[in-house]
Amino acid sequence: MSAEPHVTRSPKSWDEIKTTTCYMCACRCGIKVYLKDGRVSYIEGNRDHPVNKGVICGKGSSGIKQHYSPARLAKPLLRVGERGKGAFKEIEWDEALTLATSWLSEVRRTDPKRLAFFTGRDQSQGLTGWWATQFGTPNYAAHGGFCSVNMAAAGLYTFGGAFWEFGEPDWKHTKYFMLFGVAEDHGSNPIKMGLGKLKERGAKFVSVNPIRTGYSAIADEWVGIRPGTDGLFVGALIHELLAAQKIDGEYLTRFTNAPWLVVEKPGTAEHGLLARDRDGNTLVWDAATRAPASALSPTATPALMGRFTLKDGRRVATSFTLLAERFLGDDWKPEAVADRCGVPAASIKRIAAELARVAFDEAITLDVPWTDHLGRRHDKMVGRPVSMHGMRGISAHSNGFHTCRMIHILQILLGTIDVPGGYRYKAPYPKPIPPGIKPTGKPGQVKPNTALPGPPLGFVTAPEDLLIDEHGAPQRLDKAFSWDAPMSAHGLMHMVITNAGLRDPYGIDVLFMYMANMSWNSAMNVPDTLKYLTAKDEKTGDYVIPRIIYADSYQSEMVYYADLVLPDTTYLERWDCISLLDRPISEPDGPADSIRQPVVEPDRDVRPFQTVLLDLGARLGLNGMVKEDGSPRYPGGYADYIVNHERTPGVGPLAGFRGADGKAEGKGAPNPDQLKRYIEHGCHWFHELPEHMKYYKHVNRDYLDWAVGFGFLGKADPIIFQLYSEPFQKFRLAAEGHGSIVPPTEHRARIRDHFDPLPFWYAPFEGEMVKAEDFPLHAVTQRPMAMYHSWGSQNDWLRQILGRNWLYMARETAAAKGIADGDWVTVTSHHGQIRAQARLMDGVEPGTVWTWNAIGKRSGAWALDADAPEAKQGFLLNHLISELLPERGGGYRYSNSDPVTGQAAWYDLKVRIERAADQSGEADPQFPTLTGIGRTA
Amino acid sequence: MTTLPDTTRPGQKKLGLVIDLDTCVGCQACATSCKEWNTQGYSAPLNDWDARGADHSGSWLNRIHGYEVKEKGQAQSRIVNFPRSCLHCETPACVTVCPTGASYKRAEDGIVLVNPDMCIGCKLCSWACPYGAREYDEVQGVMKKCTLCVDRIYNENFLPEDRIPACVRACPTGARHFGDLGDPASAVSQLVAARGGFALLPEMDYKPVNRYLPPRPRRDATTLAPEALPRGDGSAMDRLFQWADGLLAGHAGTAPAARKVSRVAAIKRRVKSAVAAVKSKSRGKK
């Protein structure tokens, strides 16, 4: 044995380990960064962190290659030639900020809405939204409108929470988990960890997805549904459960508006509204007294079903009666939907039976007494161990809002929201339905040199809340909160460049974007987007979009279309806060937040964007960003803001270690040592709720009281689920001509049809507007598990795993077209044509083709060689997707979005595929190679 | 030709991995965390070449392959993610074929290692390995392979729970397990026994130590008997009405019946909640 060489048992290959937060996707896991000789040498998951508990994913482990990417920007750039040609000169920061200030101050002095400020995968929306408010432009949003606003809005308008970071399955107790349309990374580690737990316990995992890769690959049952038809499948499940009365009557009666009374007076302005007493309380029918009673009466015995007559003669029905009438209809029978959604009726029936069995026969109880909102004490917490989660595959359709709402209705009928084994809220959710913030930017609210009276984004509940003028015209550039998309809570980022380019509804002076690759993989219709970005006004000779400021860490395709480039740091070089005021990282067991700290100093002339934004705000003299003497309020940049900014007294970006002694949580005076305390605690903070507050939070008196004290809720009112949504009926009434604010005639039918107070299914728009025989196939994208948009696919290691994409299709579909594995094919939509290489597989719904998104790159971008496979074989489906729907009567073109929320309908795409005549060559279209920005060592 | 140590004695430690194909989602966490650790660890460097170009490649000690398999009689295919790395065979051909003694199997724990100082890059070992588990580093000219993170598993600079290979430490689904497969009582051996863990290509008789756990049987239309919720006679709406009426009477419904509220109790509760409301208001004022 002595021949064996000596191997050191305890080598120490690092000098120091620092904690911070990952940014390789949106999970925001805790990480430990190993440093050697001042350089990052290794990154691992932080075991103490509430999000990932030590694990790390393929992206997070490749963070080192993100941090040292040659695609990093190194210095501010000023365009010196024609836009889009890559002619830049390096300038100093002072010149860059002076220039940006001059452009922005001119806009603010004349008409602040002529600044469009949109951010992409921004994890500082608490700051960026506030900055836009103080600037005074309503034209602000982050990327939610083209990501998953349907999912967020459907949840917030139904039960005061939502999928993704607003809640998660009760991984510990759930026995049956349904996953709808989740791309492989969304969410990344929490879902993977959860699936591992389910498998260990033998819980059943059903994946509803046209494609059987990633998470779906390990599902116990794969439901290979046709894209855009999930609503049919879910509606049929609801039908089966109602027909067998396998629903939670007590839960519905006490915690939802199922027994609330709805006025039935067709043709009048109150038809379909909730009946209310003189004090404005909604009503139930008290079966004991045979009279209406306040919906929140602790003594009433509400009737769940029935039609009644109020004293004033009005006929009313419980909202559950209306819901039951809808879903018990024959058109929701499994046999009636099976062909359209591609799921056999027998499977639908069996899954419904499985859901009922697990929810009711395998119910669980926790021996935890709790008190509900009516003061009733419960000895135990009853759990219905069925949980669900959904994401992009539900969201990215023009029927996604109603489909997602239908999934929530299914959860609620089974009594599974925030109960043991079900879906669980994460603080600060649940919130009132919907949250009480209204968008601002109405006529008169946008004034020169003036802040907006409130935030640009919010939740519309009636036509009065819309941002429209007296003619019904949109006030925002993206037409959010207009008749085009009334409940567009996250804006419509996918429409910004098109609308600015077409000056519809108006032109702008400055487009200011952050971390959004809007000239490439984040844009629908890339060819026309590039036209709008470079179009010139014939009269003035200036660009139609006169100034473009862009901030990013990397030389993405968008950088080349900027006039002024503000280089950002990498995620390991800056301060950040993962705030409860923004997109929280809380756990169901309690609120959490975290920070990023700079673990290394930048070796380039770059600045963190958030610090730059505060600097610009100070230079512009924006409220809250300057002191009374005009000096910057946060001279220490973003870190200074994180510690000292207060949104309301005592409430700041971070909830932990507040107050002079650092002991306050939630509310408390700013603590100068707060960041130090976070670092001492591994850069995160978590407050565990006591056992009796961990479930039933929506109606848990102790939780609600605590949430008020913590600043999450204004009042300790119960959050009563809205199966029937009255705000929708208000829009429908407006479309029928009732009220003072009614849609212009041409919008009326669309509003009336889509503002149904109960969820329903309709065919996705693109499929309805093109002929099925011309475009018979659905085309969708997925994100590869190891990549996060364009960032990941430029990473030296990750691109070795996946350096190009293919068009995947079912063997039988390919065979019918004479397409063999590896053949070049043309993919044609109503909007355009691309060339790509096909790969054949079995695990895909035969009417669907798909590819990985954001792998295709423009030649020359991202510091990749011009002939990199990402550019020459990789491709985007984006070129096939129009951001505008085909013309309707009158010539108007709506955006390619959900009519309720404005969610970009990426997955509505319909195509036809042919084997290409020429089997050599490369992907098409190819755009001119980008040059002009060097590599960073 | 390099000789193998005698590892046949009872109680011989056989460190290895158990990889659960039922939970592996193919996320690449084990592949990149492996590369990240080992490029600065025992195997440093794991080079990349033409990293921004068309012919980009690099040396990795662990790669994940995705296979689509259609089992006999199954209408649906199954996608299996298959992580591939050195199996630390008991009688590894890669060692015996090594002309310099650079490849060796440790007597202490059975780990198969390459001593980079002695490796001449002849690649005989990679030809000998039937599992394709060895990778030649083009830049360094040396053969690389999984070390089971020999520089982590005994490393006293780590907490005991972190003395595991980087891939196991990273795996988000918990599909990777590390331990002594020579000890039938170890957690990994028990797992292999419980789940029917198997060795790859046992017929080649290199006696791999690593084990793979097979995917669990699916539970879908292909394996489950048809079932459906009962559907009563007549109108479903009428039956739902009857059920709702039953709820009121407190004897129907799938939920535990609501407790009947007596008049007196109701009044008491109302007073209590009014008091609570006043209390919470006054709390808010403080």
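Select from segment A:616-673 the residues that are among the acidic types (Asp, Glu) and outside any loop (DSSP other than H, G, I, E, B) and list them in ascending order. Full working, then the answer.
The first filter runs over segment A:616-673 and keeps only residues among the acidic types (Asp, Glu), leaving A:628-629, A:640, A:646, A:661, A:665, A:673.
The one that is among the acidic types (Asp, Glu) and outside any loop (DSSP other than H, G, I, E, B): A:Asp640.
Annotation: B:Pro83 fulfils all but one of (1) in contact with a strand residue (DSSP E or B) (Cβ under 9 Å, 6 or more places away or on another chain); (2) closer than 22 Å to B:Ile19 by Cα; (3) within 11 Å of another protein chain (Cβ to nearest Cβ); the unmet one is (3). Here A:Val382 fits the description: free of Cβ contacts under 8 Å to residues at least 60 places away in the same chain, within 32 Å of the chain's Cα centre (by Cα) and surrounded by 18 or more Cβ atoms within 10 Å (Cβ to Cβ).
Output the residue which, of all residues in segment B:46-80 that are under 19 Å from the mean Cα position of the chain (by Cα), within 9 Å of chain A (Cβ to nearest Cβ) and in a strand (DSSP E or B), is surrounded by the fewest Cβ atoms within 10 Å (Cβ to Cβ). Talk me through it step by step, then tell me what you get.
From segment B:46-80, those under 19 Å from the mean Cα position of the chain (by Cα) are B:60-68, B:78-80; that's our starting set.
Pick out the ones that are also within 9 Å of chain A (Cβ to nearest Cβ) and you get B:60, B:63-64, B:66, B:68, B:78-80.
Restricting the remaining residues to those that are in a strand (DSSP E or B) gives B:63-64, B:66, B:68, B:78-80.
Numbers: B:Arg63: 19, B:Ile64: 23, B:Gly66: 14, B:Glu68: 16, B:Arg78: 19, B:Ile79: 23, B:Val80: 19.
In this case the residue turns out to be B:Gly66.
Here B:Val95 meets the list (1) outside any loop (DSSP other than H, G, I, E, B); (2) within 11 Å of chain A (Cβ to nearest Cβ); (3) touching a Lys or Arg at 6+ places or on another chain (Cβ under 6 Å) almost entirely, failing just condition (2). Of the residues making up segment A:33-43, those that are in contact with an Asp or Glu (Cβ under 8 Å, 6 or more places away or on another chain) and within 10 Å of chain B (Cβ to nearest Cβ) are A:Tyr34, A:Lys36, A:Tyr42, A:Ile43.
Could you tell me whether A:Glu362 is within 14 Å of chain B (Cβ to nearest Cβ), free of Cβ contacts under 8 Å to residues at least 60 places away in the same chain, over 30 Å from A:Pro784 (Cβ atoms) and among the acidic types (Asp, Glu)?
Details: within 14 Å of chain B (Cβ to nearest Cβ): yes; free of Cβ contacts under 8 Å to residues at least 60 places away in the same chain: no; over 30 Å from A:Pro784 (Cβ atoms): yes; among the acidic types (Asp, Glu): yes.
It is false that A:Glu362 is within 14 Å of chain B (Cβ to nearest Cβ), free of Cβ contacts under 8 Å to residues at least 60 places away in the same chain, over 30 Å from A:Pro784 (Cβ atoms) and among the acidic types (Asp, Glu).
Residues considered: A:Val337, A:Val368. Of these, the only one that is touching a residue at least 40 places away in the same chain (Cβ under 8 Å) and under 30 Å from A:Ala772 (Cβ atoms) is A:Val337.
Would you pick out the residues in segment B:28-45 that are in a loop (DSSP other than H, G, I, E, B) and on the phi < 0 side of the Ramachandran plot?
Step one: filter segment B:28-45 for residues in a loop (DSSP other than H, G, I, E, B), giving B:28, B:39-45.
Passing the criteria: B:Thr39, B:Gln40, B:Gly41, B:Tyr42, B:Ser43, B:Ala44, B:Pro45.
Away from chain A (no Cβ under 14 Å), part of a loop (DSSP other than H, G, I, E, B) and under 29 Å from A:Cys57 (Cβ atoms): is that true of B:Tyr136 in this structure? Let's see the steps before the verdict.
On the way: away from chain A (no Cβ under 14 Å): yes; part of a loop (DSSP other than H, G, I, E, B): no; under 29 Å from A:Cys57 (Cβ atoms): yes.
The answer is no for B:Tyr136.
Between A:Val742, A:Val827, which is over 26 Å from A:Phe875 (Cα atoms), hydrophobic (A, V, I, L, M, F, W, C) and either out of contact with any Lys or Arg (no Cβ under 7 Å at 6 or more places or on another chain) or not in a loop (DSSP other than H, G, I, E, B) (or both)?
Details: A:Val827 fails: over 26 Å from A:Phe875 (Cα atoms).
Result: A:Val742 is the single residue among A:Val742, A:Val827 that is over 26 Å from A:Phe875 (Cα atoms), hydrophobic (A, V, I, L, M, F, W, C) and either out of contact with any Lys or Arg (no Cβ under 7 Å at 6 or more places or on another chain) or not in a loop (DSSP other than H, G, I, E, B) (or both).
Screening segment A:61-106 for residues that are free of Cβ contacts under 8 Å to residues at least 40 places away in the same chain and hydrophobic (A, V, I, L, M, F, W, C) and picking the one that is surrounded by the most Cβ atoms within 10 Å (Cβ to Cβ) gives A:Ile64. When we screen A:Ala153, A:Ala96 for residues that are part of a helix (DSSP H, G or I), out of contact with any helix residue (DSSP H, G or I) (no Cβ under 8 Å at 6 or more places or on another chain) and either farther than 29 Å from A:Pro784 by Cβ or not β-branched (Val, Ile, Thr) (or both), the only hit is A:Ala96.
Taken together, the criteria place A:Gly58 among residues that are outside any helix (DSSP H, G or I), within 30 Å of A:Lys197 (Cβ to Cβ), in contact (Cβ under 8 Å) with a residue 12 or more places away in the chain and not β-branched (Val, Ile, Thr).
Checking each residue of segment A:686-699 against the condition of being surrounded by fewer than 22 Cβ atoms within 10 Å (Cβ to Cβ), under 26 Å from A:Thr19 (Cβ atoms) and either touching a Phe, Trp or Tyr at 6+ places or on another chain (Cβ under 9 Å) or aliphatic (A, V, I, L, M) (or both) gives at least one match.
Would you point out which residue out of B:Arg219, B:Arg239 is in contact with a strand residue (DSSP E or B) (Cβ under 8 Å, 6 or more places away or on another chain), more than 28 Å from B:Thr147 (Cβ to Cβ) and either within 13 Å of chain A (Cβ to nearest Cβ) or in a loop (DSSP other than H, G, I, E, B) (or both)? Walk me through how you get there before you give the answer.
Working: B:Arg239 fails: in contact with a strand residue (DSSP E or B) (Cβ under 8 Å, 6 or more places away or on another chain).
Exactly one residue qualifies, and that residue is B:Arg219.
Residues are listed down the side, and each one gets a yes or a no for (1) outside any strand (DSSP E or B); (2) buried (at least 24 other Cβ atoms within 10 Å of the Cβ); (3) acidic (Asp, Glu):
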| position | (1), (2), (3) |
| --- | --- |
| A:Val262 | no, yes, no |
| A:Pro266 | yes, no, no |
| A:Ala269 | yes, no, no |
| A:Ser297 | yes, no, no |
| A:Leu304 | yes, yes, no |
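Within segment A:643-667, the residues that satisfy the criterion of being farther than 21 Å from A:Arg574 by Cβ, surrounded by fewer than 21 Cβ atoms within 10 Å (Cβ to Cβ) and not hydrophobic (A, V, I, L, M, F, W, C) are A:Glu646, A:Arg647, A:Thr648, A:Pro649, A:Gly650, A:Gly659, A:Asp661, A:Gly662, A:Lys663, A:Glu665, A:Gly666, A:Lys667. The set of residues in segment A:213-260 being under 23 Å from the mean Cα position of the chain (by Cα) and part of a loop (DSSP other than H, G, I, E, B) consists of A:Thr213, A:Ile225, A:Arg226, A:Pro227, A:Gly228, A:Thr229.
Filtering segment B:158-167 to residues that are more than 10 Å from every other protein chain (Cβ to nearest Cβ) and part of a helix (DSSP H, G or I) leaves only B:Pro160. Mind checking whether some residue in segment A:226-244 is more than 17 Å from B:Leu247 (Cβ to Cβ) and in contact with a Gly (Cβ under 6 Å, 6 or more places away or on another chain)? Yes - at least one qualifying residue is present in segment A:226-244. Entry remark, segment A:699-717: residues being closer than 16 Å to A:Pro591 by Cβ and in contact (Cβ under 8 Å) with a residue 24 or more places away in the chain number 9 in total.
The numbered conditions (1) within 21 Å of A:Leu533 (Cα to Cα); (2) out of contact with any strand residue (DSSP E or B) (no Cβ under 9 Å at 6 or more places or on another chain) are all true for A:Asn139 except (2). Within segment A:909-927, the set of residues being surrounded by 15 or more Cβ atoms within 10 Å (Cβ to Cβ) and touching a Phe, Trp or Tyr at 6+ places or on another chain (Cβ under 6 Å) comprises A:Lys910, A:Val911, A:Arg912, A:Ala916, A:Ala923. Scan segment A:334-353 and give yes if some residue there is among the aliphatic types (A, V, I, L, M), within 19 Å of A:Asp418 (Cα to Cα) and in a helix (DSSP H, G or I), otherwise no. For segment A:334-353, residues among the aliphatic types (A, V, I, L, M), within 19 Å of A:Asp418 (Cα to Cα) and in a helix (DSSP H, G or I): absent.
Values in this text are rule-based calculations from the coordinates and carry no lab data. Small disclaimer: the values here were computed from a predicted structure and weren't measured. Here the Cβ is made from the backbone with ideal geometry for all residues, glycine too, and neighbour counts use every protein chain on show.
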